[in-house]
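K.L.:
Sending over a structure as structure tokens; questions will come in a sec.
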Amino acid sequence: MVELKDLFGVGGVPKTFLGLPEARDWAALDADIVIFGADCATPYAQGGAYCAGGPGAMRGGAAAYAGDLSRLNFDLGGPVLPDGVRVVDAGDLATDPADAAGNRARIGDATRAILSAGAVPVLLGGDDSVPIPMLAAFAGQGPLSILQIDAHIDWRDEVQGERMGLSSTMRRASEMGHVERIVQVGARGIGSAGMAELEAAHDWGAHLVPAHELTAGGLQRAADLIPDGARVVICFDCDALDPSIMPAVIAPTAGGLSYGQALALIRAVARKTRVAGFDMVEFMPERDRDGEGARLAAQLLTSVLGIVARQVAGGR
């Protein structure tokens, strides 16, 4: 069977996302944007590393377009990367479901290395506990706003005694001294949160824009909640997208964002802020449908790289 990558002359499956250069030395990073992956950070005992292989699946989803980034990307209005912007893929960190503390340390150290090199970290996961150490690594970088695009608010204080798991991501972020604002978009259906978690989020000052509000001006309202010039980390959970287009998640819930809505929100926020980091998590390869979810994740990630790369180019 002929595949799209064959028509485009892409040989085999590229090792890196979009066939980008591989970063081989964490101590000598030379790039404007660095992609890296982590299969897990702090899994729950009953679930394990259920998103293992997610970063690799996303890379595979971009295989058809790898190797020639000069082609026009209509989502960006030009090639993916402006001339002179350097993006590298540092591969996946070694993770062990039985060593949560070690996983968190490796993710944090990698993020700090990227930031020390003056680059923007782009983290592929992995479950939603993966962003916690990435966000913590921004300490000392100045005030930070978080845009979470997710079907869940992740504000539980603990689950079965575990405080660093996937249901607690934004709760832990709210306790970080450098995080000054959290805007959460896309919550819907029934998740793990109860009224206590919602009240805790409101009491802290988090701004919630549920999915059902997005067709009535919610996208713009969410963008307006982040002030001009803020430094933003965008935490994107694949279950934010509607399951009709993104099947590869643990809790598919109807009423999610379309690709166009997700891209419009990210674009609107990027027009007024500086995107300091990005993560895309909770991609579950075994639940994908003929690679549909992987291709969608790769398309969105490609657009995000292009948006951030244009910020880099404009800031020089």
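K.L.:
Give the span of region 39-175's Cα atoms along each principal axis, as three whole-Å numbers ordered largest to smallest.
P.N.:
50, 33, 28
K.L.:
Contact order normalised by length for region 49-145, with contacts defined as Cα pairs under 8 Å and 6 or more residues apart; what percent is it?
P.N.:
32 percent
K.L.:
Now for a separate question. Helix-only estimate, please: 222 nm mean residue ellipticity of the chain, summing -39500 (n - 2.57) across DSSP H runs of length 4 or more and dividing by its residues, to the nearest 500.
P.N.:
Counting only the DSSP helices, I get -9000 deg cm²/dmol.
K.L.:
List, largest first, the extents of the alpha carbons of the chain along their principal axes, each in whole Å.
P.N.:
Extents along the principal axes, in whole Å: 54, 42, 42.
K.L.:
Round to the nearest 10 and give me the degree value, 0 to 90, for the angle of helix 195-204's Cα axis relative to the longest principal axis of the chain.
P.N.:
With both axes taken from Cα atoms, the answer is about 80 degrees.
K.L.:
Shifting gears a bit: Stretch Gln46-Glu180 to full length: gain in nm at 0.36 nm per residue minus the Cα-Cα span?
P.N.:
Numbers: separation 134, 0.36 × 134 = 48.24 nm, distance 3.32 nm.
The span from Gln46 to Glu180 would gain 44.9 nm if fully extended.
K.L.:
Any idea what diffusion coefficient region 152-228 gets from Stokes-Einstein, in µm²/s, Kirkwood Rh on alpha carbon pairs, 10 °C, 1.306 mPa s?
P.N.:
121 µm²/s
K.L.:
Related question: Roughly how many Å is it from the Cα centre of region 244-316 to that of region 203-236, as a whole number?
P.N.:
Taking the Cα centre of each part, region 244-316 and region 203-236 sit 16 Å apart.
K.L.:
Excluding Pro79 itself, calculate the net charge of residues whose Cβ lies under 12 Å from the Cβ of Pro79, where each Lys or Arg counts +1 and each Asp or Glu counts -1.
P.N.:
So the environment of Pro79 carries a net charge of -1.
K.L.:
Okay, next question. Please report Rg (one decimal) and Dmax (integer) in Å for the Cα set of region 116-203.
P.N.:
Cα radius of gyration and Dmax of region 116-203 are 13.1, 42 Å respectively.
K.L.:
Still on this structure: Let's see if you can work this out: charge +1 on each Lys and Arg Cβ, -1 on each Asp and Glu Cβ, no other charges. What is the dipole magnitude of region 242-316 about its Cα centre, in debye to the nearest 20?
P.N.:
Numbers: 9 positive and 7 negative charges, 135 e Å.
For region 242-316, the charge dipole is close to 640 debye.
K.L.:
Counting only DSSP beta bridges with both residues in the chain, what percent are antiparallel, rounded to the nearest 5?
P.N.:
5 percent
K.L.:
Run the numbers for Glu22 and Ala251: contour at 0.36 nm per residue of separation, minus the present Cα-Cα distance, in nm.
P.N.:
79.1 nm
K.L.:
Moving on to the next point. Under a 5 Å amide H to amide H cut-off, with H placed in plane at 1.01 Å, what residues pair with Val185 once short-range neighbours are removed?
P.N.:
Excluding prolines and chain starts, which carry no amide H, the hits are Gln148, Ile149, Asp150, Val209.
K.L.:
At a 10 Å Cβ-Cβ cut-off, how would you order Ile132, Ile107, Ile190, Ile250, fewest neighbours first?
P.N.:
With the fewest neighbours first, Ile132, Ile107, Ile190, Ile250 line up as Ile190, Ile250, Ile132, Ile107.
Read the figures in this text as sums done on the coordinates, not as results from a lab. Just so it is clear, the model here is predicted, and its values are computed rather than measured. Quick reminder, even Gly has a Cβ in these numbers, built from the backbone with ideal geometry, and neighbours come from all protein chains shown.
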